[in-house]
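The values are calculated or read from the model by the stated rules, or taken from the named source; none is laboratory data. Fair warning: this is a prediction, and the values are worked out from it, not measured in the lab. Quick reminder, even Gly has a Cβ in these numbers, built from the backbone with ideal geometry, and neighbours come from all protein chains shown. Just the protein is used for accessible areas: all its heavy atoms, side chains included, with ligands, DNA and RNA removed. Shrake-Rupley method; radii C 1.70, N 1.55, O 1.52, S 1.80 Å.
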Amino acid sequence: MTEDAEVPTISPNSYLTASDLGMDKRSIKQSVANHIEYTQGKDGYSATPLDFFWALARSARDRMFDRWNKTQQSYYVRDVRRVYYLSLEFLPGRLLEDGLYSLGIHDEAEAALSELGLKLSDLAEMEVDPGLGNGGLGRLAACFLDSMATLSVPAMGYGIRYEYGIFRQAIVDGQQVERADNWLRYGNPWDMPRPERLYVVPFGGRVELNHGRAEWVDTETVIAMAHDIPVPGYRNGVVNTLRLWAAKASREFDFQDFNRGDYIAAIEAKNATENISRVLYPNDMVIQGRELRLKQEFFFVSATLQDAIYRHLKTHPSLANLAEKAVFQLNDTHPAIAVAELMRILVDLHAFEWEAAWKIASDCFAYTNHTVLPEALEVWPLSLLERLLPRHVQIIFELNTRFLKAVRARYPGDEMRVQRMSLVHEEGEKRVRMANLAILGSRSVNGVSELHSKILRERLFHDFADMMPERFNSKTNGITPRRWLLKSNPGLSTLISRHIGRSWPTQLTELEALRPLAESDAFQTEWRAVKRENKERLAKYLKTSFDFQVDPASLFDVQIKRIHEYKRQLLNLLNIASLYLDYCDGMVLDDAPRTFLVAGKAAPGYDLAKRTIRLFSDVGEVVNSHPGVNDRMRVYFVPNYSVSLAEMIIPATDVSIQISLAGMEASGTGNMKFALNGALTVGTLDGANVEIAEAVGRENIFIFGLDVEGVARLRQSGYVPRTYYERDPRLRRTIDAIANGRFSPGDPSRHKVIADYLMNVDPYMVLADFAAFGEIQAKVSEAYRSANEWTKKSIINTASMGPFSSDAVIEKYATEIWDAQVGSGKQGGF
């Protein structure tokens, strides 16, 4: 509510019924008034802006509920094959405007609020980003759910309802400080608790044989309670479900301890139990964190399988046809224990013979691998599994015995292959390879870009691909244009729609119609005006929130992603520091003024990533306070990166930095989001960059550095990073400046650790690509001098993004992997 706005006039109607839930301005205004009065007990004098946010969210939710119920009923009536999408994280971002767009009432809601003296944009800012994910994996899952609903795919997402997100990031004295992300402090209007939907999840205990059947006994139990979030399709009447599990204690507290006066002990067990859904990604640098992480994975997997089986048995007499009616998509390796859990349910609880159970289970799962990093492939100590999941260890060993027998029969005498393919790593401390379990138990195994899929087949899982090639396929990731263009960039969306029509949000290949307009001076002028407006909006936000001084006329050079060595924020940093030193040394430079923006969170236990943030902060402080330089370049680390922050940064970006070492990034989706909004990519031939380059044309992207083959050759010949330091004067000058305290004058040795690491270790070949990165950035500066040519490239980037819509990707999953029905899902313009 604006400060000078009058008190809203509210006229509630206590007899409003479902049939009155119109989609017009008057009906929406009436719904908001009703919720203020009858749901929240307020009036125009006592209602706060937060009350109006809740009232509007509830008004949108009301209109989803009828569609939600009818969608679920139709799935039962048609007896469809359901897709269950299992992901340890989802990162949906704010849901209010997303829901309004999907319902087709965004403009109507805006007009209704205006009559109440309110602005929709102000209320939308009050929504807190759900703390249900960390990075690209969770955001991809959210895009996929959006596309499944828009394509009318019968699907449910499953995850954990984390009480706290990973953390809120503050930058204090240049350092990352983690603070609790209490995202549920004011509740969540989209969260529908289902206290009647409870499942018991066991841990620990031991296994007994009873009449030849295994029984898992003496377990500790946790109750999984469902919370549902509606997932509306775009203007098609479909509403799917994201079901999240909250951990509840099987008993509230120990009454005997309470009566003895030991009040802490009385609730200790309850708190320990409910920690399972307390926080996203506990620190797994300690044994307690690793144990909690494993508990989280099994907790949500077990509850999900029980829920799917309950649903199946409502309409089918047995689980014999489960594989015909359900497919469980494993989003990365985290849910891989589901393979063993489904076998336990089928064999132990439903009395299937082993072979019949395996036939069902192995036809129910599909596995998407998202990374080549060893730490993300989930290798669990056998001792930990035996303690928490003793029956599953038995099942895994039985699966392994039968599988390795088949491997030996296929490849007699090749014991090295047998060792590599085994589900159990035998050397040293025995460990269970969860990725191998996921491959063995799945009908389909896919990578998420053509390059990544090739690496899976030829390197990471070569033995499996050789033995079962029919399982391996590629599905390049995608993004939803509803979130990443329609919602986040309304100015550009309006411009595009005015010229090519309004059906592109569900048919993104229609953006190809922009190509002829790339040559139009008038259209280019409009395009640049939208970009400038987005840059001014971001500059205003950064000034208001962090007191950053950003010139909207400068080139916005942006790298926003999780802080990790393989993503090579250090390469970006070295180039920024080198450019600063060039200015200081009086070199004649004709570069356009640049604002370098970097954002991302470092895992709390990841020391080098946190040191990288500190170095960015220190470089920024030196650069931004240097007269004569700070009018040519500025460097800012933006705290607490989130979906909502990305929605503001991406539309304002000129240059998108995507510089992971070739062969390390599975796909990336940030590269797609930036390109869709007209940013030009500076990138390596890694992940989906390869396919983006093919789509936009090499003349419209800035590619540099080692490719996968070059990385392999350099590794094989013996990579010695110090040689690059010794033979490149610019690199040597930059690293010496970092090591000797040029950017930390009060503590000269602060960043020596990073300098030494780069010169002596450098596993991701930062120094090898330093010179090439500097050269390509010089080409960026040269290209930016021609506004018309730059704008043409920007328009062509946007026009080329059709193949990277998550709708196109989900259609491939549905037809090629899931064998699931796909509705039209394409009736919506806006």
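If I take R0 = 25 Å and measure r between the Cβ atoms of Lys779 and Asn624 in this structure, what FRET efficiency does the formula 1/(1 + (r/R0)^6) give, to the nearest 0.05? The formula returns an efficiency of 0.45 here. Distant-in-sequence amide contacts of Glu127, defined by a placed amide H-H separation under 5 Å and a gap of 5 or more residues or a different chain, comprise nothing. For the chain, the relative contact order comes to 13 percent (Cα pairs under 8 Å, sequence separation of at least 6).
For the stretch 403-523, the C-alpha radius of gyration divided by 2.2 N^0.38 Å, with N the number of residues, is 1.73.
Size descriptors for the stretch 16-111 (Cα atoms only): Rg and Dmax, in that order, 16.0, 51 Å.
Values of log10 I(q)/I(0) for the stretch 352-447 across q = 0.21, 0.23 Å⁻¹ run -1.28, -1.42, by the Debye formula with one identical scatterer at each alpha carbon and no solvent.
Once the 1.4 Å probe is applied to the protein heavy atoms, the chain comes out at 39 Å² accessible per residue.
Tell me the carbon and sulfur percent of the accessible area for the stretch 760-829, rounded to whole percent, probe radius 1.4 Å. Provide the component values of the computation, followed by the final result.
Values: 1220 of 2580 Å².
On the stretch 760-829, the fraction of accessible area on carbon and sulfur atoms equals 47 percent.
Taking Cα centre as origin and charging only the Cβ of basic (Lys, Arg, +1) and acidic (Asp, Glu, -1) residues, the dipole magnitude of the chain rounds to 900 debye.
Once every DSSP H run of n ≥ 4 in the chain is given -39500 (n - 2.57) and the sum is divided by its residues, what mean residue ellipticity at 222 nm do you get, rounded to the nearest 500 deg cm²/dmol?
After summing the helix terms and dividing by the residues of the chain, the value is -13500 deg cm²/dmol.
Calculated on the alpha-carbon coordinates, the convex hull of the chain measures out at 188 cubic angstrom per residue. Coupling constants for the stretch 347-357 follow from the phi torsions by the Karplus curve (6.51 cos²θ - 1.76 cosθ + 1.60, θ = phi - 60°), and in residue order they are 7, 7, 9, 10, 6, 6, 5, 3, 4, 5, 5 Hz; glycine and proline get x.
Given the pairs Lys475/Lys567; Lys314/Lys673; Lys561/Lys792; Lys119/Lys535; Lys70/Lys601; Lys430/Lys454, which span a C-alpha to C-alpha distance of over 31 angstrom in this model? Violating the 31 Å limit, Cα to Cα: Lys314/Lys673; Lys70/Lys601.
Taking every C-alpha pair closer than 8 Å and separated by at least 6 residues, the mean separation divided by the residue count of the stretch 423-554 gives a relative contact order of 13 percent.
For Val424, the residues whose amide H sits under 5 Å from its own are Arg433, ignoring neighbours fewer than 5 places away on the same chain, with H placed 1.01 Å from N. Which one of Gly99, Tyr76, Leu88 has its Cα pushed farthest toward the positive end of the charge dipole of the stretch 50-111, where Lys and Arg give +1 and Asp and Glu give -1 at the Cβ? Selected residue: Tyr76.
Across the stretch 637-646, coupling constants 3J(HN,Hα) worked out from phi with the 6.51/-1.76/1.60 Karplus curve, θ = phi - 60°, read 9, 8, x, 6, 4, 8, 4, 5, 5, 4 Hz, and Gly and Pro carry x.
For the stretch 186-241, build the charge dipole from Cβ charges (+1 Lys, Arg; -1 Asp, Glu) around the Cα centre, then report which of Ile223, Pro202, Asn236 sits farthest towards its positive end. Positive-end residue among those listed: Asn236. Could you give the size of the charge dipole of the stretch 270-419 about its Cα centre, using +1 on the Cβ of each K and R and -1 on the Cβ of each D and E, expressed in debye and rounded to the nearest 20? Charge dipole of the stretch 270-419: 180 debye, to the nearest 20. Which length gain, in nm to one decimal place, applies between Ala272 and Glu694 when the Cα-Cα distance is subtracted from 0.36 nm times their residue separation? Length gained between Ala272 and Glu694: 146.8 nm.
Across the stretch 509-525, coupling constants 3J(HN,Hα) worked out from phi with the 6.51/-1.76/1.60 Karplus curve, θ = phi - 60°, read 5, 5, 4, 4, 5, 6, 4, x, 6, 4, 8, 7, 4, 5, 5, 4, 4 Hz, and Gly and Pro carry x.
A Cα-only calculation for the stretch 591-692 places Rg and Dmax at 14.8, 42 Å.
All other residues whose Cβ lies under 14 angstrom from that of Lys540 are scored, Lys and Arg at +1 and Asp and Glu at -1, for a net of -1.
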